[in-house]
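Here's the structure, in structure tokens; my notes come after.
The values are calculated or read from the model by the stated rules, or taken from the named source; none is laboratory data. Just so you know, these numbers come straight off a predicted model, no measurement behind them. Cβ placement follows ideal geometry from the backbone for every residue including glycine, while neighbour counts extend to all protein chains displayed.
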Amino acid sequence: MTVESRGKRSQRGITLFGLLFWAIIIGAVALVGMRIVPTTIEYFTIMKAINKVSGDPAATTVPQIRTSFDRQREIDAITSISGKDLSITKENEQVVVSFAYDSEIELFKPVYLLIKYEGRSKAGKSY
């Protein structure tokens, strides 16, 4: 057995096809991730805003809570929902602010990703 034939047999590695396959997979996952992360950040910003609004002692009526959320919406640059999209209820003498919305993300034409977000405030103020 020559040195040359032994070297070829023991060589291992990724082929060009394997490299292209993994590059496409990693690229697709990165594309989806880059499209999803901004909507997820906005969702957590909305959650923070409704928790702040539901505990605001100055907002005691439904219109005041909606107005307070709209002010917070302008500060935090929330574009997915507004104060009129909030559902404001009272449970066990606690104000509960909830919301639900859909986020449609274009991956590439004609493929879209639909994410349904919903949330509710942790603990509101008592009346």
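A few notes on this one:
- Any hit, region 25-36, residues being part of a loop (DSSP other than H, G, I, E, B) and surrounded by 13 or more Cβ atoms within 10 Å (Cβ to Cβ): no
- Residue list for region 76-103, restricted to those being under 17 Å from residue 39 (Cα atoms) and β-branched (Val, Ile, Thr): 78, 79, 81
- Residue selection: residue 83 fails the criterion of being at pLDDT below 90 and under 24 Å from the mean Cα position of the chain (by Cα).
- Answer from 105, 81, 88 - the residue that is touching a Leu at 6+ places or on another chain (Cβ under 8 Å) and within 17 Å of residue 46 (Cβ to Cβ): 105
- Taking the listed residues 93, 42, the one that is at pLDDT 95 or above, among the charged types (D, E, K, R) and under 23 Å from residue 119 (Cα atoms) is 42, with no other qualifying.
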